[in-house]
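First the structure, in the form of structure tokens, and then the observations on it.
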Amino acid sequence: MAVHHGGKVGGAAKTLASKTSSKAAKSKAGTTLANHKAKSHSK
């Protein structure tokens, strides 16, 4: 799978990867990524 850099999805991925992100930020980022995955990558 292609790796996203920058933009909304890339930013969300960075948030999830970062150890210093807050729980709330991580949960929001997870939702963003999940929605994107469902919308853009489901065959």
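The values are calculated or read from the model by the stated rules, or taken from the named source; none is laboratory data. Everything quoted here is computed from the prediction, not taken from an experiment. Note: accessible area is taken over every heavy atom of the protein model, side chains too, but ligands, DNA and RNA are not part of it. Shrake-Rupley method; radii C 1.70, N 1.55, O 1.52, S 1.80 Å.
Numbers below:
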| item | result |
| --- | --- |
| Probe 1.4 Å - accessible area at Ser40, Å² to nearest ten | 60 Å² |
| Under-5 Å amide H pairs with Ser21, H placed in peptide plane, nonlocal only | none |
